[in-house]
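*Asks:* Sharing a structure here in structure tokens format.
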């Protein structure tokens, strides 16, 4: 039976080059906003809103605003940065086809922020995240298991004026210990021992969850339709084993990998120790792809003490507007009706959220799961794609990476309440709390206090890091636009 390709929308690799304003309008269309509501939200005229909507409809080649909104929901349901590593495997690969078949979203509109240190401006925004109860306190963990769900107090959408306590210019990095990347080879860098392994032409590797293995497809992927030798590297011994033939592979867990057979939508799962293979049906392959795609996003919404932020909107692909927190041990909802455009875990007992857009801005808050109290951290300019991460020690965000002019990266210290601004673009947090700086995978790991370079690798395309951030890798990837062009 021949599979029908949905040709209503541009493919991910041929997405129109949206302006930042058009991305904002698209996101509001997806929420069902009228032209008048779009104008009010973005602080533009009614004629301006109509013109942007018309331009969007023309670019997409559709007839109605509803079809444009559906395009956004299909392609932008999860924040783009969570899907980029997955999409980078190979252009027009079976992973991408399976994603289309499953209707999996790869992007979410939204995150950005402007620098702030909390100032006493009245209302509920005077409390300080750094002075709240420790996120890991037994009291917070115990009270968060109450049977009755709590509602959040202290959230607001109107912007607040505040400033960072200091601005740091990151010191220039020292000379790289590694040679320049050739643009086509699979290369793995050991940033601890300052050694590298050039494995010849091949795809961008994936690392196992325990950081013990790397897997990639060896071969020249400059032409589409080429299969490669699936190879496994033991990062402890350096031993390389060829375990099959197909397209670039993914780890399912520490012991299992999966790849697609040629350009088909059929995948196989392989035990890396016994090499036993399990050939999947097309439906099973699609489901596997969907699970792998969402795994990282789910982990970012899960706290280390067993709570998870879940969207409660009817459509899993629409940008969420309301979330809740559930206790994974009991399945009970412990925090409900969280009005936000994005919500992530922020260490034990806390989540961090960005509020819904309001006139081109939204606010960043830290919320205690135990009490439901929201602590204001800052006001952000709404941009399509930007940094937002949190852990026990810090909350980081960016001020309009895709806007002109772009703002700084802001790093909020939860212990001291200090806020540092640094002229960096896209960034995230490593498992040890350092700053990973780079749009498509970090090219440098920075000290979060001084912003001095801890480790760096040569310039290149997308980068994958092992979960422990010791190993980094380059390799051939599929084409995609820049951070701000889709």
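*Asks:* Report the Stokes-Einstein translational diffusion coefficient (µm² s⁻¹, integer) for the stretch 185-282, Rh taken as the Kirkwood radius over Cα pairs, at 37 °C with viscosity 0.692 mPa s.
*Replies:* It diffuses with D of about 240 µm²/s by this estimate.
*Asks:* Which of 297, 354, 196 has the fewest other C-beta atoms within 10 Å, and how do the rest follow up to the most?
*Replies:* Going from sparsest to densest Cβ surroundings: 297, 196, 354.
*Asks:* What ranking of 329, 269 emerges when the number of other C-beta atoms within 10 Å of each C-beta is taken as an exposure proxy, fewest first?
*Replies:* By the 10 Å Cβ count, ascending: 329, 269.
*Asks:* Would you please give the FRET efficiency between residue 283 and residue 404, computed as 1/(1 + (r/R0)^6) with r the Cβ-Cβ distance and R0 = 41 Å, to the nearest 0.05?
*Replies:* On the way: r = 45 Å, r/R0 = 1.10.
About 0.35, to the nearest 0.05.
*Asks:* Please work out how much length the chain gains when fully extended from residue 220 to residue 322, using 0.36 nm per residue of separation minus the C-alpha to C-alpha distance, in nm with one decimal.
*Replies:* Between residue 220 and residue 322, full extension yields 32.2 nm more.
*Asks:* Along Cα→Cβ, 7 Å out, is where each label goes; now give me the distance between the ones at residue 290 and residue 253 in nm to one decimal.
*Replies:* That separation, rounded to one decimal, is 2.1 nm.
*Asks:* So between residue 161 and residue 58, what do we pick up on full extension, going 0.36 nm a residue minus the alpha carbon distance?
*Replies:* 33.3 nm
*Asks:* For the stretch 185-282, what is the relative contact order in percent, using Cα pairs closer than 8 Å and at least 6 residues apart in sequence? Please list the in-between numbers first.
*Replies:* Numbers: 223 pairs, mean separation 16.5, N = 98.
In percent, rounded to a whole number, it is 17.
*Asks:* When only C-alpha pairs under 8 Å and at least 6 residues apart count, what is the relative contact order of the stretch 419-481, in percent?
*Replies:* Relative contact order for the stretch 419-481 comes out at 21 percent.
*Asks:* Still on this structure, please answer the following. Under the 0.36 nm per residue contour assumption, what length would be gained going from the current alpha-carbon distance of residue 212 and residue 51 to full extension?
*Replies:* 52.6 nm
*Asks:* Express in whole angstrom the spacing between the alpha-carbon centres of the stretch 35-70 and the stretch 357-383.
*Replies:* Rounded to whole Å, the Cα centres lie 26 Å apart.
We did not get these values from a lab; they are worked out from the coordinates using the rules stated. In this text, all values refer to a predicted model and were calculated from it rather than measured experimentally. Methodologically, a virtual Cβ is constructed for each residue, glycine included, from the backbone with ideal geometry; neighbour enumeration extends over all protein chains shown.
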